[in-house]
Every structure is written in structure tokens, then in C-alpha cells.
1. Quick one: is B:Val19 modelled with pLDDT of 95 or more, assigned to a helix (DSSP H, G or I) and exposed (fewer than 12 other Cβ atoms within 10 Å of the Cβ)?
2. All but one of (1) within 14 Å of chain B (Cβ to nearest Cβ); (2) surrounded by 22 or more Cβ atoms within 10 Å (Cβ to Cβ); (3) more than 22 Å from the chain's Cα centre (by Cα) hold for A:Ala257; which doesn't?
3. Looking only at residues that are within 9 Å of another protein chain (Cβ to nearest Cβ) and more than 21 Å from the chain's Cα centre (by Cα) in region A:109-125, which one is nearest to A:Gln482 (Cα to Cα)?
4. Here is a list: A:Gly73, A:Gly102. Which entry is facing chain B (nearest Cβ under 7 Å), touching a Lys or Arg at 6+ places or on another chain (Cβ under 9 Å) and surrounded by fewer than 24 Cβ atoms within 10 Å (Cβ to Cβ)?
5. Please determine, by comparing only the residues of region A:325-345 that are in contact with a Gly (Cβ under 9 Å, 6 or more places away or on another chain) and farther than 20 Å from A:Val42 by Cα, which one is surrounded by the fewest Cβ atoms within 10 Å (Cβ to Cβ).
6. Sort out which residues of region A:77-95 are within 13 Å of B:Phe46 (Cα to Cα) and either more than 7 Å from chain B (Cβ to nearest Cβ) or in contact with a strand residue (DSSP E or B) (Cβ under 6 Å, 6 or more places away or on another chain) (or both), and write them in order of number.
7. Looking at A:Ile5, A:Ile69, can you tell me which residue is touching a strand residue (DSSP E or B) at 6+ places or on another chain (Cβ under 7 Å) and either among the small types (Gly, Ala, Ser) or farther than 30 Å from B:Arg66 by Cβ (or both)?
8. Looking only at region B:8-23, which residues are under 18 Å from A:Ala80 (Cβ atoms), touching a helix residue (DSSP H, G or I) at 6+ places or on another chain (Cβ under 8 Å), hydrophobic (A, V, I, L, M, F, W, C) and more than 7 Å from chain A (Cβ to nearest Cβ)?
Amino acid sequence: MTLTILGLYLLGVLSVGLLSHRLFRGTGEDYFVATRSIGPFVLLMSLFGTNMTAFSLLGASGEAYRIGIGVFGLMASSSAIVIPLVFVAIGTRVWELGKRHGLLTQAQLMRTRFESNALGLLLFTVLVMLVIPYLLIGVKGGGLTLNAITGGQVPPWVGGLVITTVVLIYVTYGGLRGTAWANTFQTLVFMVLSAVTLAYIVNRLGGLGPALDRVQAAQPELMVRGERIPHLKHLSYLLIPLSAGMFPHLFMHWLSARRSASFKLSVIVYPLCMIVVWVPSVLLGVLGHDTFPGLTGPAAGGVLIRLIEHHAPEVLAGLLGAGVLAAVMSSLDSQVLALGTMFTQDVVRHHGLDRRLGEDKQVLIGRVFVVAVLVVTFALSLIVDTSIFGLAIWSFSGFAALVPLVVAALYWRRATAAGAMASVTATIITWITLFARGGSTPGYTVGGTGLMPVVVMFLASASALIVVSLLTRPPRAELIDQFIAPRHGR
Amino acid sequence: MKNHPLAWVAWATMLVLLVLHNDFWLWQDSGRLLGLPIGLAYHVLFCLVTLASLAFLVRVAWPRPRFPESSDSHPSSRAD
């Protein structure tokens, strides 16, 4: 039964993705950004679905099992306010410039804004390096989850291969429109299934109140933040969701919006979407102690799957598996398409032999790169171990540290190419330094103070940008007028 | 075109919310609110208040186009 439901779900996703191809216009702009035609609802589902990974369903419940209800404030409500503000302050401005200058990638934006090929190349390299662990987490996490949910019937590598193949088909065929449509379908699936799973299991536990009472009697520390979440950690975690400002896959979805006003629904409804997905994950993680007390290590991380197997092994397991697949694939597809677009535009088109690449050829090369990125990701997923999961927070921190760069590009007339290079370089240096110190320590904070490493990276990046920009010659006013509206009286 | 007179209120509300996100006064409180542990209920309510505040921000402080001429037309130039 579990496998049948999973198979039906995958067929549904493929159908939605392939159906979108009917609207394909055959141009590069249509393949990469759906001719900037996506409306408010599909944009909301795409942005939210792309940002939610398997971590939101499984990782969050595992973390809540370990440290309690504070996970929601740490990771969910912080995103509920920071990410919509990123959409307003960065997303809408990027959309406007993307449409004005025909931009498709972040490196294009920085290269033209700062008139620096070196900056474009450096940024391209850093972004690819930061996205790779994110991709691996999706393929590997999805494979391991399917293996657990099917009771070992589907080996992890087969699960990873199935996920990779389905994404490959609808992304190469449907481009961004196929990705956006498939994301909409998948986001609705995992939002509904999160709520259904919570309702079903809580009912089986005899109701929320009695179940919470039992857990509180046994482990009262899970119901408070207490010593497990230091104040400074909670405060500095607010910087992590800023990473949305530099995610290549979100950048690509921003460009696909029909109008600036298309962002409004996403900005308003995002906090509600966070509640729908994260409250069930966190509550089920805490309630896991009622059925499975004393889990440690990877067993604690898989508490949600254990709950499902115990309380509803057949139908709900299949539905939850579909929900996890939905969360994984709705991120993986956008990340892969973003990387394919970056390779096509920033490497082949900009640094290659032919800058006037025809529309057909752009689409063909884009598809070839999507296939190549997926094949390499799947191959890497076979050889890296599960310690890759610990890289997620480091990947987010690197993206967040690059946000001063995009803010300066959009708002600060005085920002220079040298300042931008210094910002990226400072991010690289602080990231490597802190990762060398704490990369292998789960829950690492700077000097054990509770301060998240992202704060140091962000401050170094912003300081380098400001100081070096002020020490170097200001950029041409005519150039800046193309990106930041001319001052009055000019 | 001038900014909406309440635009600053919308942005100030966001700043206040960012401060209120740090509910340190509830750190050791194990009580319940609306059937949920209070530390969780507070942040669910925080999300709902944020939603309402964002709706207000969208209404009064939505960014005006910097280049109105290109906002509803096709791109005039291309980066490569």
C-alpha cells in the first residue's frame, strides 16, 4: 500500500510538470523564468515550497524531540517575519531590475551593477559551492526517508535515484513553469499532510492535552526553552533566514513574477504557511517522547517516521512518504534549475565563445546542464556520508553573510566593485575559519557563548563592503542610475 | 509621489516585532496557553500578529517602482 501511494504521487507530480509544457514558448526566457508570467498564488507556493525541505518535516521533529518546543521560535517564527521582509526589500527590487535589464542570474546582476567580470565569476563560484551541500541533503535525505518509511523495501540509493529521475524529467521538459506548477502541487500536498498527520497521531495518543501532560511529567524541560536554547542563540538565529536574500533558487522564482504586486500574497501569507507546516512537526517531535522515550542520535532524528510506523503503518506512511518527497523535490527542482541557468548564462553565454547564443541553443544548453547537475548530485549522494546534514546551517550562514552585498547593490549608490569583492572575500575567509573550528561540532556557537557563526560572517562581510567601498573611487553616476533611481535634481 | 503617511508606522511595527520575537520573559514558563505550551503558543500568536502587520505594510508601505517605464513593459536592454 505504501509503495502504491508513493507511485501514484510521483505520477501526479510528473503529470503536472509535463502538462505545463503545453504553454512553453520555445525561448530561453520562457525556459529559465517562464517569461516573467507567474501569478500571485503559484509564486507563493513556489517560494514557500522551494524554501521548505525535508528538514521542515523530519529534521524539525527530530530537533524538537531533542531540545523541545523552542525549535519553533528558533527556526520557524524567525523565518515568518524575516523572509517576507526579504521579499519586500530585496525580491521586488530584484524583480524590477531583472525585467529592466533582462537579468537571469545573481552573477549577471552583480557583474553589470559593479562592472566587474571578476566579481561575477567569484560570486558564481561561491554560490555553486554553497548550493551543493543543500542539493545533497535533498537527495540523500529523501532516499533515507523512503527507506525507513517502506521498512527497508526501497534501498536509499533507489529512493535517491527515483527522486532524481522524476525531477530531471519535469525540469528539463518544463523549465521554470514546469517547476513552479509542480512546486504548487507539491507544496499543497505537504501542507495538507502535515496537518493530517498531526491530527491523526494526536487522536491516537488520546488528545493533545493528555499527551502533553504525560510528556511534561516525564521531561518538563522540553516544554520550556531553559538552558537548552541560550538567549544569545535565539537572538542571533534571526540572521539565518536572511539567507533567503541570496538563494539562487529564490532569485530565479522572484524573476518569474508577472508584476511587482504578485509578491504581495507571498509577503502576507508566508507566516501562516510556516504555522501550518512547523507546528505539526514540532509538536509531533515533542510528543514522540510519549511513545518512544529515550531515543538518541539518528534514532531521535527519525522520531516522526517511528510514530507513523507505530500508529499508522500503511496508508499514513504512504501519505507521509509522499509529503516528504514533495518537500524534497519542490526544493531540489528549483535548485537544479537555478544551477543550470547559472552555468548556461554565467559560464557558457558570458565566458564562452558565443555571447549571442540563439534561443533554441540556450534552452538546449540549459537542459544539458540540468541533467549534468542532477547526475553529479546523485553520484555524490552515493559516496558522501550522512554527516552532510550538519552542513545545512553552514550553507545558510554563508548565504546570509552575502546579503549585505545584494542590499548594497540595490540601495547604496556608493558601493564599489572593490567593496563588493572584499565582502565576498570576507565571507569566504570567515566561513572557512569558523567551519574549521566548529564544522564537526553539532550545535557549535562562537566560543560556546550561544552566538551563531552567521553573526561573525555577516558583520565581517558588511564591514569589508562599507570600509573598502568608502576607500575606493565611487562608481559612475550614469551606471548607478540604471540600478538605483536617479537622485532628484540630477 | 509621496510615501503614505503611515508607511513609517508599518516599518516601525516590524522593528518592534523583531524585538518581541525574543520573549525571554517566558523562557522558564511551563504554563499552557490555548492548549499549547506557552513558549510555543507565544510564537504561533507572534506569526499571526506578523501576518496582520505584513498586510498593513503591504497596504501602506509597498515599494514604489524606481523605473515605472520598465515595470509593465518588456526589457529594454539585456545583460550577458
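The values are calculated or read from the model by the stated rules, or taken from the named source; none is laboratory data. Bear in mind that the values here come from a model prediction, so they are computed numbers and not experimental data. Every residue, glycine among them, receives a Cβ derived from its backbone with ideal geometry; neighbour counts consider all protein chains shown.
1. yes
2. (3)
3. Here is the first cut: in region A:109-125, the ones within 9 Å of another protein chain (Cβ to nearest Cβ) are A:109, A:111-112.
Checking the rest, the ones that are also more than 21 Å from the chain's Cα centre (by Cα) come to A:111-112.
On the way: A:Arg111: 13, A:Thr112: 10 Å.
Only one residue tops the list, namely A:Thr112.
4. Numbers: A:Gly73 fails: surrounded by fewer than 24 Cβ atoms within 10 Å (Cβ to Cβ).
Just a single option satisfies the conditions, and that option is A:Gly102.
5. Taking region A:325-345 as the starting set, the residues that turn out to be in contact with a Gly (Cβ under 9 Å, 6 or more places away or on another chain) are A:325-335, A:337, A:340-341, A:343-345.
Next, from what is left, pick out any that are farther than 20 Å from A:Val42 by Cα: A:340-341, A:343-345.
Details: A:Gly340: 26, A:Thr341: 28, A:Phe343: 21, A:Thr344: 28, A:Gln345: 24.
Per the criteria, the residue is A:Phe343.
6. Just the residues of region A:77-95 that are within 13 Å of B:Phe46 (Cα to Cα), to begin with: A:77-82.
Those that are within 13 Å of B:Phe46 (Cα to Cα) and either more than 7 Å from chain B (Cβ to nearest Cβ) or in contact with a strand residue (DSSP E or B) (Cβ under 6 Å, 6 or more places away or on another chain) (or both): A:Ser79, A:Val82.
7. Values: A:Ile5 fails: touching a strand residue (DSSP E or B) at 6+ places or on another chain (Cβ under 7 Å).
None of the other options fit; the residue is A:Ile69.
8. Kept after step one, since they are under 18 Å from A:Ala80 (Cβ atoms), are these residues of region B:8-23: B:10-11, B:13-23.
Now restrict to residues that are touching a helix residue (DSSP H, G or I) at 6+ places or on another chain (Cβ under 8 Å): B:10-11, B:13-14, B:17-18, B:20-23.
Next cut, hydrophobic (A, V, I, L, M, F, W, C) only: B:10-11, B:14, B:17-18, B:20.
Listed by number, the residues that qualify are B:Ala10, B:Trp11, B:Leu20.
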